[in-house]
1. Return the residues of segment 44-60 that are at pLDDT below 95 and either under 20 Å from Thr232 (Cα atoms) or in contact with a Gly (Cβ under 6 Å, 6 or more places away or on another chain) (or both); say none if nothing qualifies.
2. Take Thr200 and decide whether it is out of contact with any helix residue (DSSP H, G or I) (no Cβ under 9 Å at 6 or more places or on another chain), of a type in the set (Val, Ile, Thr) and within 17 Å of Gly8 (Cα to Cα).
3. State whether the residues of segment 59-70 include one that is closer than 20 Å to Lys257 by Cα, open to solvent by less than 20 Å² (accessible area, probe 1.4 Å) and in a helix (DSSP H, G or I).
4. Restricting attention to segment 31-58, report how many residues are open to solvent by 10 Å² or more (accessible area, probe 1.4 Å) and assigned to a helix (DSSP H, G or I).
5. Name the residue that is nearest to Tyr34 (Cα to Cα), counting only residues in segment 73-114 that are touching a residue at least 40 places away in the same chain (Cβ under 8 Å) and touching a Lys or Arg at 6+ places or on another chain (Cβ under 7 Å).
6. I'm trying to understand the selection: among the residues of segment 220-259, which are open to solvent by 100 Å² or more (accessible area, probe 1.4 Å) and of a type in the set (Asp, Glu)?
7. Given the criterion in contact (Cβ under 8 Å) with a residue 24 or more places away in the chain and touching an Asp or Glu at 6+ places or on another chain (Cβ under 7 Å), identify the matching residue among Ile201, Ile197.
8. Filter segment 220-259 down to residues that are of a type in the set (Gly, Ala, Ser) and within 26 Å of Ile150 (Cα to Cα) and give me whichever is farthest from the chain's Cα centre (by Cα).
Amino acid sequence: MKKTNPIGLFDSGIGGTSIWKEVHALLPNENTIYLADSKNAPYGLKSKDEIIQLSCKNTELLLEENCKIIVVACNTATTNAIKELRAKYDVPFIGIEPAIKPAAIQSQTQTIGILATKGTLNSSLFHENVAKHPDVKIIEQIGHGLVQLIENGDLNSPEMKELLESYLLPMVEKNIDYLVLGCSHYPYLIPQIKKIIPSTIKIIDSGEAVAKQTKKILEELQLINPSKGNSTHVFYTNSNPEVLKKIVKPLESVFYKDF
C-alpha cells in the first residue's frame, strides 16, 4: 500500500462531508476520495441487510480507487455494517458512532439527548454503548425527514425549523445539558439548532474524534502521506451534484457518477 494513496470516505449522501472537513483539517497533506450515495439516502430507514449491501458496494468502489483506509462517515452504516466490512475486506476501517461517552461523562444533569436516524437508534451497537452508562438518562429522538431536507439543500426552510422544534423542545423540557448529533448530516443544522435550544446545552458530534482516530491508525500503519505538495480531493455523487458543490466549494472536484 502506497503512502500517497487516498483516504476513502463514504456516506448515504452529503452529510459525511462534515467528517471529511475534520479529516482534511487534521491531515491536510492527505489525498481523499468521497462517495455520496445520495440516491439511496437515507440509510436510516433501510434494513440491516440493505445497509450492509450498500456499504459493501461503496467499499468496493473505494478499493478500486486504491484507497489505503476507509472512513465510514455514516452513523447508520457504522452501527449496522462495520463488523461485516472488517471481516470481509483487508483494509483498515474507521467508524463513526454517536458521541454518547463524552456527553454522558460530562453531563451535570445526568440527562442527555440524542438526535439520530432510526437505523442508528435501533442498532445493537448503539444499545451496547447506551448500556455502558446506566446512571445517565438518554432521551432518544429519531430525526424523521431531516436527512431528506439536507440532501435537497433545504437547511433554512420553515419545514426544517418546524421539525427541529418538534424534536428538540421536548428534550429541553426534560432538562438535557448535552445534545448528541448521531448522524453525520446533522452538524450542518447546528446554526438552526442553536436558535431553538438554550445556549447552556452543549452540542456534540463525532467529527473531530473520527479525524483523530484516522490519523492514529495511519501513523500506526506508517501510511501517513510524506508529500507536502498540494493534496487532491475528489467527490462522487450519484444524485444532483449541485448541493454537494455548494457544501465543499470552492477547492474540490465534484463529479456525478452512477453507482
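1. Listed by number, the list holds a single entry, Gly44.
2. no
3. Yes, segment 59-70 contains a residue that is closer than 20 Å to Lys257 by Cα, open to solvent by less than 20 Å² (accessible area, probe 1.4 Å) and in a helix (DSSP H, G or I).
4. Number satisfying all stated conditions: 12.
5. Asn80
6. Once the filter is applied, which keeps residues that are open to solvent by 100 Å² or more (accessible area, probe 1.4 Å) and of a type in the set (Asp, Glu), segment 220-259 yields Glu220, Asp258.
7. Ile201
8. Ser253
The values are calculated or read from the model by the stated rules, or taken from the named source; none is laboratory data. The model shown is predicted, which means the values in this text are computed figures rather than measured ones. Here the Cβ is made from the backbone with ideal geometry for all residues, glycine too, and neighbour counts use every protein chain on show. For accessibility, only protein heavy atoms count, side chains too; no ligands or nucleic acids. Shrake-Rupley method; radii C 1.70, N 1.55, O 1.52, S 1.80 Å.
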